[in-house]
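The values are calculated or read from the model by the stated rules, or taken from the named source; none is laboratory data. Treat the numbers as computed from the prediction; the structure is a model and nothing was measured. Neighbour counts run over all protein chains shown; Cβ positions are idealised from the backbone, glycine included.
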């Protein structure tokens, strides 16, 4: 084992154990229940302990440059088995997915919303190549694997998708815990909200569906089934939507908005 990993691996294991011991937490705010998953605590602990102001002694060894570079470089290899598992999960349940109904397919159009809406906003805020990674999708495992494979996580595109991944992990589940019940209060059907919970992120789907179940426990089975089917379909079709629809659209829009197609200086 490389010398720098002697400190990194036990540190990561300790954070994982501590986060799992805390477990899933529910915060009730009026009629809304916010779900906080162990994953949120793990990321939060790692970020706080990595702040420059307290990074001394043992923490300085843990957050050494070699460890940071190692984590960014090999994160891709953690994503690939997950992508393979998505495929293995889908194959035995293809009949079930098809029987759910064609209406689930329409939610895949939402996968290009981050490009159509997010890319112009990101460019207006001053992002350049980082916008490619940050607006390809929700910045979950599929986008992270694609960007790291094509550009590496040490590139501007990699920093963009990794930043969005961390933001989504920290605030995504909390946002969905609040947003789903809020939409329910505005009169949307609980089945439509359960269906929309499957955005390609297990943590966000769990947070949204758990909040709905907390409000309507009598429909727990229906909400859980619609959310799971939606999540499964998004995980499967979302990858192909990203590669064959979102990526070409983003490339065209980026070159058009930055003038890269004419000048050749910035071509996605």
Qualifying positions in the range 230-252 - modelled with pLDDT under 85 and surrounded by fewer than 15 Cβ atoms within 10 Å (Cβ to Cβ): 240
- line: Checking 162, 166, 127, 170 in turn, the sole residue that is at pLDDT 85 or above, surrounded by fewer than 23 Cβ atoms within 10 Å (Cβ to Cβ) and not in a loop (DSSP other than H, G, I, E, B) turns out to be 162
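Can residue 255 be described as surrounded by fewer than 21 Cβ atoms within 10 Å (Cβ to Cβ) and outside any helix (DSSP H, G or I)? Explain how you work it out, then say what you get.
Numbers: surrounded by fewer than 21 Cβ atoms within 10 Å (Cβ to Cβ): yes; outside any helix (DSSP H, G or I): no.
When the stated conditions are applied, residue 255 does not pass them.
Which ones in the range 201-229 are part of a helix (DSSP H, G or I) and surrounded by 23 or more Cβ atoms within 10 Å (Cβ to Cβ)?
Within the range 201-229, the subset part of a helix (DSSP H, G or I) is 202-215, 217-229.
Selection gives 204, 205, 207, 208, 209, 210, 211, 212, 223, 226, 227.
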field: Of residues in the range 49-74 being part of a loop (DSSP other than H, G, I, E, B) and without any contact (Cβ under 8 Å) to a residue 12 or more places away in the chain, the one farthest from residue 168 (Cα to Cα)
entry: 57
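Please work out if residue 250 is in a helix (DSSP H, G or I), without any contact (Cβ under 8 Å) to a residue 60 or more places away in the chain and in contact with a helix residue (DSSP H, G or I) (Cβ under 8 Å, 6 or more places away or on another chain). Walk me through it before giving the result.
Numbers: in a helix (DSSP H, G or I): yes; without any contact (Cβ under 8 Å) to a residue 60 or more places away in the chain: no; in contact with a helix residue (DSSP H, G or I) (Cβ under 8 Å, 6 or more places away or on another chain): yes.
No, not satisfied.
Quick one: how many residues across the range 1-20 are farther than 15 Å from residue 48 by Cα, modelled with pLDDT of 85 or more and buried (at least 16 other Cβ atoms within 10 Å of the Cβ)?
Residues flagged as farther than 15 Å from residue 48 by Cα, modelled with pLDDT of 85 or more and buried (at least 16 other Cβ atoms within 10 Å of the Cβ) within the range 1-20 amount to 2.
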- prompt: So is residue 244 free of Cβ contacts under 8 Å to residues at least 24 places away in the same chain and closer than 26 Å to residue 142 by Cα or not?
  reply: yes
field: Count of residues meeting criterion [in contact with a helix residue (DSSP H, G or I) (Cβ under 6 Å, 6 or more places away or on another chain), surrounded by 15 or more Cβ atoms within 10 Å (Cβ to Cβ), part of a loop (DSSP other than H, G, I, E, B) and touching a residue at least 40 places away in the same chain (Cβ under 8 Å)] in the range 139-153
entry: 1
- prompt: Within the range 179-196, is even one residue assigned to a helix (DSSP H, G or I), free of Cβ contacts under 8 Å to residues at least 12 places away in the same chain and in contact with a helix residue (DSSP H, G or I) (Cβ under 9 Å, 6 or more places away or on another chain)?
  reply: yes
message: Restricting to the range 23-48, give me the number of residues that are surrounded by 15 or more Cβ atoms within 10 Å (Cβ to Cβ) and either in a helix (DSSP H, G or I) or touching a strand residue (DSSP E or B) at 6+ places or on another chain (Cβ under 9 Å) (or both).
response: 15
Selected residue (only one of 217, 156 is free of Cβ contacts under 8 Å to residues at least 40 places away in the same chain, over 10 Å from the mean Cα position of the chain (by Cα) and within 21 Å of residue 122 (Cβ to Cβ)): 156
